[in-house]
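Undergrad: The structure is given below, and queries will be raised subsequently.
The values are calculated or read from the model by the stated rules, or taken from the named source; none is laboratory data. Predicted model, so just to flag it, every value in this text is computed and none were measured. Every residue, glycine as well, gets a Cβ built from its backbone with ideal geometry; the counts of neighbours run over all protein chains shown. All accessible areas refer to the heavy atoms of the entire protein, side chains included, with ligands and DNA or RNA removed. Shrake-Rupley method; radii C 1.70, N 1.55, O 1.52, S 1.80 Å.
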Amino acid sequence: MRRISISTPKSLDALGRVIAITRRAKVQLVDMVVASEDSMYRVHMKVEGPHDEVQWLVAKLDKLPEVLRIDEGDIDINY
Amino acid sequence: MLFNVGGSFGAHTRDSKRVVDKLAETFKTYGVKHVLGIPGGSIMSLYDALYGQDIDVVLFRHEQGAIHAAEGYARVAGRPVVVAATSGPGAANLVTGLADAYMDSTPLVAITGQVATNIFGRDGFQETDIPGIVTPITKFVYQVRRPAEATAAFKAAYEISVLGRPGPTLIDLPRDIQLNAAPDYEERIQINKEKFIPPPPDPEKLRLAAKHLVEANRPVILVGGGVIWSGATPEVLELSKTLYAPIVSTLPGKAAVPHDFPLYMGPAGMHGRAEADAALANADVILAVGTRFSDRTWGRFKELQDAVRSGRVKLIHVDIDQSEIGKNVKPTVGIVGDAKEALRKLIDFLDVVPKANQKYLGWLQEIRKRYEEAMAKIADSTPSFHPWKALKALRRAAPRDTITVTGVGSHQMWTEIAWDVYEPGTYITSAGLGTMGFCVPAALGAKLAARDKPVLCIDGDGSFQMTMNNLALVRDYDLPIVVAIFDNRALQLVKQWQIYLYQRRIIATEFSQRPDFLKIAEAYDIDAVKPETYEQLESAVARALRNNEPLIVDLTINSEIDIVLPWVKPGDWLTSAVLPEGMDVKLVYEEN
Ligand SMILES: Cc1ncc(C[n+]2csc(CCOP(=O)(O)OP(=O)(O)O)c2C)c(N)n1
Ligand SMILES: [Mg+2]
């Protein structure tokens, strides 16, 4: 299981774009939390699936101009 | 507030600038010379702001026409043009073109009108959630919610469309916002544009790539559409000459390489050339540049994946878009960067000069010769026009710098195989989405971008009928294009599949004799011919292109003989391409 953390502007359009890509990934979205912080949304996902597919998702998400930051890693306590 | 939100359509008052006036000014500062589209209630104010401005408004007959024209324009001019459509049906009519531009990485900026913000979600007249609809098929989409965002959103959309890997963008502009008084400040749009600026290519990876390439026995360079956007044709040719590596292309990449370059084998794939399929399938080192590993080019990936995994084949993939590296096939070396920059540096790393594998190159040339001989024989024994031979006649008629655009279907596949491109960027086709109806409007857009160049649209009768309404623009805006309709009265490519994959159960692929294309031409005040010989075809087209006159050619083709080969059937590997009769060659190379 991997963690993907994203920052987007606080806009449901941006969030909608993130979800539109995620639903096409060949991974299972085990959990997703959207937290609001100042003018931003922080999206935390737990995804389960083959390494290459997780990478596919991260790379595709990172193509969105609204994804201001993205990082991927092990599930940790900061989630 | 000057205008009644949601209610008034607000005629222009001269004493203050509206958001749309500011937008029109911004268009000019961004060098936008044309706005293509059709107006309507929700976008009238933007059109109103263009009144009397130094920007040409080009009125299409269908929004799909406007957006394909924007694609043709961008591929010729190398920069985007603006398409403006009204909300609801106008916006929805852009969808196919946006998807097409997204698949073929074409920059353009669409601006759609939207109902006023105070009636959002109330299903008002012509309300459609266009940002929701186009989310997966645009590089960037933004719905403007505050007047101060409008110009910033346009600037972002324009810049993002061209930065890095190009693509279409869309701005949705509610009617009340358009009519608002323009604020004297601009609100920042929170986005990360910098990510689209390609990183410098990794020198260590380039060094490794160079090592694999000089050690190769049967190298090949696979060129995709990215090479055109990057302007990397000189580097590709230099690499090919230095490494004695044959060049193979994808369908969009076909426009990147002059076809009289001796080591260019042509496009590979479903309807590629046999020598190109062979060069890809038998390579031991593949340098793939600016390509997304489409199933149309490879048939299937299994053989390649296995060969790369086992180390039998070294795959080097250079692409500006990180997400393409390893998406379909995991490369031996993946290099993110601009093609021109990466290849230039790669050339510097080639320290050893390899020897030409003459025997192998000779084998590939022999396949080419055998194909040409087999096709000449078939075409010569065909009583009516044969598409393969008709393309040779058209090529003789068209000056070297002719911009050629195609529809989608068998005629397009014939051009993939048999149309020679001489100057980079002069072949424009809908490759990724395969959109029938692309040709006429994209050719009009190409002509708009380069009025001094001859433009030839090679279309199918089915594709032509989807967007022929836009022919009105030929006279309206003096856009003299030549349209050659390969008129087989069929949706031939689908019919070919029915013949070979569905036991000849022909359904819904044969047309009646309606309409008469000569009468269609007449209705649009365009000359037309129905040639009876190749000579008539050649001379009519040569004359029209030379004199910059529009012409419609109704080229009668017997559907029964119109079978495009080679053909790698869907899901097959390249070496199992079905070859034309009389071409008895194997596409698997044997060393001895
Ligand atoms: C908009 C659209 N609808 C359907 C198809 C499926 N399709 C692919 S090729 C083809 C036939 C095209 O016919 P025509 O333009 O006459 O070209 P031909 O194959 O006859 O040369 C069809 C229907 C498509 N590509 N695009
Ligand atoms: Mg047809």
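Undergrad: In Å², and per residue, what accessible area does chain B have when probed at 1.4 Å with the other protein chains present?
TA: 38
Undergrad: How many times 2.2 N^0.38 Å is the alpha carbon radius of gyration of region B:519-592? Please list the in-between numbers first.
TA: Working: Rg = 19.8 Å, N = 74, 2.2 N^0.38 = 11.3 Å.
Normalised by 2.2 N^0.38 Å, the Cα Rg of region B:519-592 equals 1.76.
Undergrad: In terms of modelled amide H atoms, which long-range or inter-chain residues lie less than 5 Å from the amide H of B:ASP172?
TA: For B:ASP172, whose amide H was placed from the backbone, the distant partners under 5 Å are B:THR112, B:TYR142, B:GLN143, B:VAL144.
Undergrad: State, to one decimal in nm, how far the label point of B:LYS359 lies from the label point of B:GLU510, with both points 7 Å from Cα in the Cβ direction.
TA: For the pair B:LYS359/B:GLU510, the computed spacing is 5.2 nm.
Undergrad: To continue, here is another question. I'd like the per residue volume of the convex hull spanned by the Cα atoms of region B:383-560, given in cubic angstrom. Present the calculation step by step, with values, prior to reporting the outcome.
TA: Details: hull volume 19.6 nm³, N = 178.
Each residue corresponds to 110 Å³ of Cα convex hull volume.
Undergrad: Say each of B:LYS302 and B:GLU25 gets a label point 7 Å from the Cα, pointing the same way as Cα to Cβ; how far apart are those two points in nm?
TA: Each label point is offset 7 Å from its Cα along the Cβ direction, giving 6.3 nm.
Undergrad: Would you mind getting the Kirkwood hydrodynamic radius of the protein assembly as shown from its Cα pairs, rounded to one decimal in Å?
TA: Values: mean 1/r = 0.0380 Å⁻¹.
For the protein assembly as shown, the Kirkwood estimate is 26.3 Å.
Undergrad: Same structure, new question: Consider a paramagnetic label point 7 Å from the Cα of A:MET1 along Cα→Cβ; state which residues of region A:12-36 have an amide N under 13 Å from it.
TA: Taking a point 7 Å out along Cα→Cβ of A:MET1, the residues of region A:12-36 whose backbone N falls under 13 Å are A:28-33.
Undergrad: Continuing with this model, one more query. Using modelled amide H (1.01 Å from N, peptide plane; none on Pro or chain starts), what sits under 5 Å from the amide H of B:GLY425, excluding residues fewer than 5 places away?
TA: B:ALA256
Undergrad: Using the Kirkwood radius over C-alpha pairs as Rh, can you work out the diffusion coefficient of region B:115-252 via Stokes-Einstein at 10 °C, viscosity 1.306 mPa s, in µm² per second? Working shown, then result.
TA: Details: Rh = 18.9 Å.
So the translational diffusion coefficient is about 84 µm²/s.
Undergrad: While we're on this one: To the nearest Å, what is the center-to-center distance of region B:379-451 and region B:97-123, using C-alpha atoms only?
TA: 30
Undergrad: Please average, across the residues of A:62-70, the number of beta carbons from any other chain that are within 10 Å of each residue's own beta carbon, and give a whole number.
TA: So the per-residue partner count for this stretch is 6.
Undergrad: Please report Rg over Rh for chain B, where both radii come from the alpha carbon positions and Rh follows the Kirkwood definition.
TA: The Rg/Rh ratio comes out at 1.00.
Undergrad: Roughly how much of A:THR22 is accessible, in Å² to the nearest 10, using a 1.4 Å probe?
TA: Here the residue's solvent-accessible area equals roughly 10 Å².
Undergrad: Also, quick follow-up: Which semi-axis lengths, in whole Å and largest first, follow from the square roots of five times the eigenvalues of the Cα gyration tensor of region B:19-196?
TA: With the √(5λ) rule applied to region B:19-196, the semi-axes are 21, 18, 17 Å.
Undergrad: Using a simple charge model, +1 on the beta-carbon of Lys and Arg, -1 on the beta-carbon of Asp and Glu, nothing else, what dipole does region B:89-236 show about its Cα centre, in debye to the nearest 20?
TA: 380
Undergrad: Charges at C-beta only: +1 for Lys and Arg, -1 for Asp and Glu. How large is the resulting dipole of chain B about its Cα centre, in Debye rounded to 20?
TA: Dipole of chain B, to the nearest 20 debye: 880 debye.
Undergrad: Over both sides of the B-A contact, add up the buried accessible area with a 1.4 Å probe and give it to the nearest 100 Å².
TA: 1500
Undergrad: Which trypsin sites (Lys or Arg not before Pro) does region B:295-383 hold that lie in a coil by DSSP with at most 15 other beta carbons within 10 Å?
TA: In loop regions of region B:295-383 (DSSP not H, G, I, E or B), the sparsely surrounded trypsin sites (Lys or Arg not before Pro) are B:ARG300, B:ARG312, B:LYS355.
Undergrad: Still on this structure, I have one more. Tell me which residues come under 5 Å, amide H to amide H, from B:ASN328 once H is placed; ignore anything under 5 positions away on its chain.
TA: none
Undergrad: Over the alpha-carbon set of region B:203-361, work out the extent along each principal axis and list the three values in angstrom, largest first.
TA: Principal extents (Cα only, largest first): 36, 33, 33 Å.
Undergrad: Sticking with this one: From a point 7 Å beyond the Cα of B:GLU581 in the direction of its Cβ, which residues of region B:359-384 have a backbone N at a distance under 17 Å?
TA: The answer is B:371-384, whose backbone nitrogens lie closer than 17 Å to the label point.
Undergrad: Work out, in µm²/s and without decimals, the Stokes-Einstein translational diffusion coefficient of chain A at 37 °C, 0.692 mPa s, Rh from Kirkwood over C-alpha pairs.
TA: Result for D is 265 µm²/s.
Undergrad: Which one, B:LEU98, B:VAL83, B:ILE507, is farthest towards the positive end of the dipole of chain B when Lys and Arg carry +1 and Asp and Glu -1 on their Cβ?
TA: Looking along the dipole axis, the top candidate is B:LEU98.
Undergrad: While we're here: In whole angstrom, and with the biggest value first, how far do the Cα coordinates of region B:321-414 range along each principal axis?
TA: Principal extents (Cα only, largest first): 54, 35, 30 Å.
Undergrad: Could you please state how large a percent of the accessible area of chain B is carbon and sulfur, counting protein chains only and using a 1.4 Å probe?
TA: 51
Undergrad: When the dipole is taken about the Cα centre of region B:251-333, and only Lys, Arg (+1) and Asp, Glu (-1) are charged at their Cβ, what size is it in debye, to the nearest 20?
TA: That gives a dipole near 240 debye.
Undergrad: Determine the residues within region B:114-136 where the difference in accessible area between the chain on its own and the full set of protein chains amounts to at least 40 Å²; count protein heavy atoms only and use a 1.4 Å probe.
TA: Listed by number, the residues meeting the 40 Å² cut-off are B:THR135.
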